[in-house]
Amino acid sequence: MTRPRHLHRKGMAYHALTRYARRFAPPFLAIAGLMVATGATGALAATADSAFTPKVLNKADLTSTIVGSTVHYPSADDDVYEYYAPDGRVLGISSKGGRYSANWKIRDDGTFCVINSDPKASGCAFVVVQPGKITYFRYDLVTEGPFDLLPGNPKQL
């Protein structure tokens with residue numbers, strides 16, 4: 001028995017919508033999340049007296065902001081620092097698990113990716129940076145952060 005035609009079209013439409021959502025929803029959600037976090041309502045707009053206008057970073061801005069910096073990920077049961085080295089390596093230390101390494105990559109769409117040998121520990125996200133803070137907006141609509149963004153490699157990783 002062959003599948004009815006409308007099921008094929010529905011499947012194709014679903015995949016097209018999924019591609020669209022992956023491309024456009026995260027930046028929209030990043031800005032929407034920032035509006036909630038900063039108390040903004042309506043359209044996000046800069047004012048003359050605002051010290052910071054949040055934005056989703058593009059590839060060039062993200063590279064200049066994150067590469068050579070360290071992010072501190074504190075939690076109730078672990079304390080993690082990750083240094084994003086210029087050569088594409090992630091050098092990390094965890095209070096529970098010790099030292100580890102992975103790789104990082106910045107895609108053309110501006111997403112920041114960590115690539116680990118364990119696929120469950122790998123992933124990509126849009127990034128929003130505020131002075132001294134970094135927030136991740138994942139494809140699965142989860143927001144992580146803000147975390148401390150530290151200049152250089154203070155833990156000598």
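Just the residues that are out of contact with any Cys (no Cβ under 9 Å at 6 or more places or on another chain), surrounded by 13 or more Cβ atoms within 10 Å (Cβ to Cβ) and aliphatic (A, V, I, L, M), please, taken from the range 116-139.
Matches in the range 116-139: V127, V128, V129, I134.
Taking the conditions exactly as written (modelled with pLDDT of 90 or more, under 18 Å from V90 (Cβ atoms) and in a loop (DSSP other than H, G, I, E, B)), does L150 satisfy them or not?
Criteria not met by L150.
Which one of these is more than 16 Å from the chain's Cα centre (by Cα), modelled with pLDDT under 90, at negative phi and among the acidic types (D, E): D49, D109, D61, D79?
Only one candidate passes the filter, namely D49.
The values are calculated or read from the model by the stated rules, or taken from the named source; none is laboratory data. It should be emphasised that the depicted structure is a prediction, and the values quoted were computed from it without experimental measurement. A quick note on method: Cβ atoms are made from the backbone with ideal geometry, for glycine too, and the neighbour counts reach across all protein chains shown.
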